[in-house]
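Visitor: A single structure is presented below for examination.
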Amino acid sequence: MTAALGILFGAMVAFMAAAMPVFLALAVAAVAYAIVFRPAMPAQVVVQTFVQGLDNIAFTAIPYFFAVGTIMNAGGMSRRLLRLARAVVGSVRGGLSHANVAANVVFAGVSGSAVADAAAVGSIMIPAMRRDGYSAAYAAAVTAAAATIGPIIPPSIPMVIFGLFTGASVSKLFIGGIVPGLLMGVFLIATTWLIARRRNYPAGRWQGWRELWHALAESVFALLMPVLVIAGLLSGVATASEIGALACVYATAVTLLVYREIDLAGLWSAIVQSALDAARVLIIVAVSGAFVWIIASIGVGPRLADGLKELALGPMAIVALIAVGLVIAGTIVEPIILLVVIVPILVPTCIGLVLPPVGILIYMTAAQAEAAPSRVTAELVPFIAALCLLLALLVVHPPLVTWLVGLAS
């Protein structure tokens, strides 16, 4: 088994290090395994697993949720949410950093993707923070840290993939992400508040109840989106895919009939972009079918379970051990790849999005802010500490994740 895993993962890492696209690195690694270990894995099995990797109707949820986020962002939703966030907390010391986190919490209930949140919120919030005197690196760090909430609060694209690989209920995974996602927002806002006090960041001018009312009225349809998604999940009236389809209809209606900031041509462009974004994820899922087949055929799962049993650790210690390992793995491998290859618990991989050396959100927000990635990484330290503290709390007290799932069952 060691030789098999060495060839499989060694080839994958080598090709990824050579800047080969992720889906190709996965595919070529599987082909390399098939060549070396023929006839244990016939060539036709590789092709069949590529097809079977997507042979599940529930995968339709992924393009639906990508489309929802892209359509509502193109239609001006992110700008309205940011206006509301500034009206609510903009007058507090360090208000724009709080507004950044708050906007990500709400936007997470629409997009289901950390990268999408960072792109949408960062494009507006980072320039605004810089104009108000915040450093470019700090603005990028807040945006990157807050964007990790995206895959936690439902809808969540990584949760869809996790559920389909493990057989877990996607709806229950979504419900289980509500409390941790909200707690991430609380912990991050507490961090921005402490930093604002220590650095004496300015407080914005209170814009009055009139501005708050107008901002709320303007964004009410955007705010209803996560409410509708969560209500549908808690009530059990529809599956995750069905909720995604309904959310697409709602997003289209709001964009064309209420916001009216784009026409049919703009809507088509948003749909095309969402299709491209979804395809980048789904092609990885497709080629991962071979990985799943190989890992199952050589018995990695049972052997790993036996190894953990031999350690004689309690459930909490095992979860903590897995969490630490996945936080480390998340620093060098993107979450989708971890979901495909390791099928981890979700929160640790999202923390990995803001940890070097890969930390895709670091480089994305650094580019938006025109700041050095090393400076952004330094500014991220307190936010990473806050997220790790929350992770430890969730490991020690699992009911924070499970109690809402129990109520909805």
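Visitor: Within the stretch 228-249, which residues are part of a helix (DSSP H, G or I) and without any contact (Cβ under 8 Å) to a residue 60 or more places away in the chain?
Guide: Listed by number, the residues that qualify are L228, A231, G232, S235, E242, L246, V249.
Visitor: Report yes if V110 is assigned by TED's automatic domain parsing to the domain that holds Y201, modelled with pLDDT of 80 or more and closer than 22 Å to R260 by Cα, otherwise no.
Guide: Numbers: assigned by TED's automatic domain parsing to the domain that holds Y201: yes; modelled with pLDDT of 80 or more: no; closer than 22 Å to R260 by Cα: yes.
Judged against the criteria, V110 is not a match.
Visitor: Now for a separate question. Limited to the stretch 1-33, what total is found for residues that are part of a helix (DSSP H, G or I) and within 13 Å of I294 (Cβ to Cβ)?
Guide: 16
Visitor: Next up: Output the qualifying pairs, or none if there are none: Cβ atoms under 7 angstrom, residues six or more apart or on different chains, first residue in the stretch 389-409 and touching a residue at least 40 places away in the same chain (Cβ under 8 Å), second residue acidic (D, E) and not in a helix (DSSP H, G or I).
Guide: As it stands, the answer is none, since no pair meets every condition given.
Visitor: Quick one: in the stretch 77-116, of everything that is of a type in the set (S, T, Y) and not in a helix (DSSP H, G or I), which residue is nearest to I152 (Cα to Cα)?
Guide: Applying the filter and picking the extreme gives S113.
Visitor: Now for a different question. Taking helices (runs of 4 or more DSSP H) that fall entirely within the stretch 117-187, which contain at least 1 residues that are small (G, A, S) and under 27 Å from A290 (Cα atoms)?
Guide: Ranges flagged: 157-166, 170-176.
Visitor: Here's another thing I want to ask about it. State whether the residues of the stretch 37-52 include one that is modelled with pLDDT under 75, surrounded by fewer than 17 Cβ atoms within 10 Å (Cβ to Cβ) and under 21 Å from I157 (Cα atoms).
Guide: Looking through the stretch 37-52, at least one residue is modelled with pLDDT under 75, surrounded by fewer than 17 Cβ atoms within 10 Å (Cβ to Cβ) and under 21 Å from I157 (Cα atoms).
Visitor: So, one more: Kindly establish whether R79 is touching a residue at least 60 places away in the same chain (Cβ under 8 Å) and surrounded by fewer than 24 Cβ atoms within 10 Å (Cβ to Cβ).
Guide: Judged against the criteria, R79 is not a match.
Visitor: Hey, among L353, L380, which residue is at pLDDT below 80, crowded, with 24+ Cβ neighbours inside 10 Å and assigned to a helix (DSSP H, G or I)?
Guide: After applying the criteria, what remains is L353.
Visitor: Would you check which residues across the stretch 385-409 are more than 22 Å from T191 (Cα to Cα) and outside any helix (DSSP H, G or I) and list them?
Guide: Within the stretch 385-409, P398, S409 qualify.
Visitor: Looking for whichever is aliphatic (A, V, I, L, M) and under 30 Å from V287 (Cβ atoms) here; the options are I178, I153. Which one fits?
Guide: Answer to the selection: I153.
Visitor: Mind checking whether some residue in the stretch 197-210 is without any contact (Cβ under 8 Å) to a residue 60 or more places away in the chain, closer than 17 Å to L82 by Cα and either surrounded by 21 or more Cβ atoms within 10 Å (Cβ to Cβ) or not hydrophobic (A, V, I, L, M, F, W, C) (or both)?
Guide: Yes, the conditions are met somewhere in the stretch 197-210.
The values are calculated or read from the model by the stated rules, or taken from the named source; none is laboratory data. Note that the coordinates shown come from a computational prediction; the quantities given were computed from them, not determined experimentally. Quick reminder, even Gly has a Cβ in these numbers, built from the backbone with ideal geometry, and neighbours come from all protein chains shown.
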